[in-house]
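K.L.:
The structure is given below, and queries will be raised subsequently.
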Amino acid sequence: MTPPTARDDIVLHVPALRAFALGLCRSPDRADDLVQDTMVRAWSHFGSFTPGTNLRSWLFTILRNGFYSDLRKRRREVADPEGAFVARLAVAPSHDGALAMREFLVAFARLSPEHREVLTLVGALGFSYEEAASITALAVGTVKSRVSRGRAILGDNPLPDRDRTTIAILSQSTTCEVASA
């Protein structure tokens, strides 16, 4: 029978390590995880243990250092059990707005000049039907009819499933491009 080595004695210190971990963590589950991490670290770094020194102190030092390292990590973390913070951090890809703008401009270019004119005035620039009628020297009913037909040609929602930010950017881009044309 071979004599026990320091590596074999590690398991003898588990109850004391668990008691120490419980005192630090105050949670049985976290204490068990900490002891397990300590055992894994001790086993994998056993080459750094100096034979003849106090094995128990070495194990307690590993456990203590592991606890404080974990504590520092957790301090930087934000508890988000329902994902509320993560949902607010999500950012829509920037290329979606450019692609949607291209799609819109292609569809908008297919409209007749009369439809583009009233849709630009009412939809993009925010004029009322009456103001658009005054600008174009058309009857209010004609403006309403052209806006309605133009929207029907584009579809009720030419930018489906777009968020408000993308729509705002698109309306600004459309206003600038239409105004400069």
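K.L.:
Going by what's in this entry, would Asp37 be described as buried (at least 16 other Cβ atoms within 10 Å of the Cβ) and out of contact with any helix residue (DSSP H, G or I) (no Cβ under 7 Å at 6 or more places or on another chain)? Spell out how you get there, then give the answer.
P.N.:
Working: buried (at least 16 other Cβ atoms within 10 Å of the Cβ): yes; out of contact with any helix residue (DSSP H, G or I) (no Cβ under 7 Å at 6 or more places or on another chain): no.
So Asp37 does not fit the description; no.
K.L.:
Answer with yes or no whether Arg88 is out of contact with any Ser or Thr (no Cβ under 9 Å at 6 or more places or on another chain), among the basic types (Lys, Arg), at pLDDT below 90 and open to solvent by 30 Å² or more (accessible area, probe 1.4 Å). Steps first, answer last, please.
P.N.:
Details: out of contact with any Ser or Thr (no Cβ under 9 Å at 6 or more places or on another chain): yes; among the basic types (Lys, Arg): yes; at pLDDT below 90: yes; open to solvent by 30 Å² or more (accessible area, probe 1.4 Å): yes.
The answer is yes for Arg88.
One line per residue, one yes/no per condition, for (1) in contact with a helix residue (DSSP H, G or I) (Cβ under 9 Å, 6 or more places away or on another chain); (2) surrounded by 10 or more Cβ atoms within 10 Å (Cβ to Cβ); (3) not charged (D, E, K, R):
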| site | (1), (2), (3) |
| --- | --- |
| Asp9 | yes, yes, no |
| Arg41 | yes, yes, no |
| Gly47 | no, no, yes |
| Pro51 | yes, no, yes |
| Arg64 | yes, yes, no |
| Arg76 | no, no, no |
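The values are calculated or read from the model by the stated rules, or taken from the named source; none is laboratory data. As the structure is a computational prediction, the values presented were derived from the model and not from experiment. Here Cβ is always computed from backbone atoms with ideal geometry, including for glycine, and neighbour counts include all displayed protein chains. The protein model used for the area step is the full one, side chains on, heavy atoms only, and it has no ligands, DNA or RNA in it. Shrake-Rupley method; radii C 1.70, N 1.55, O 1.52, S 1.80 Å.
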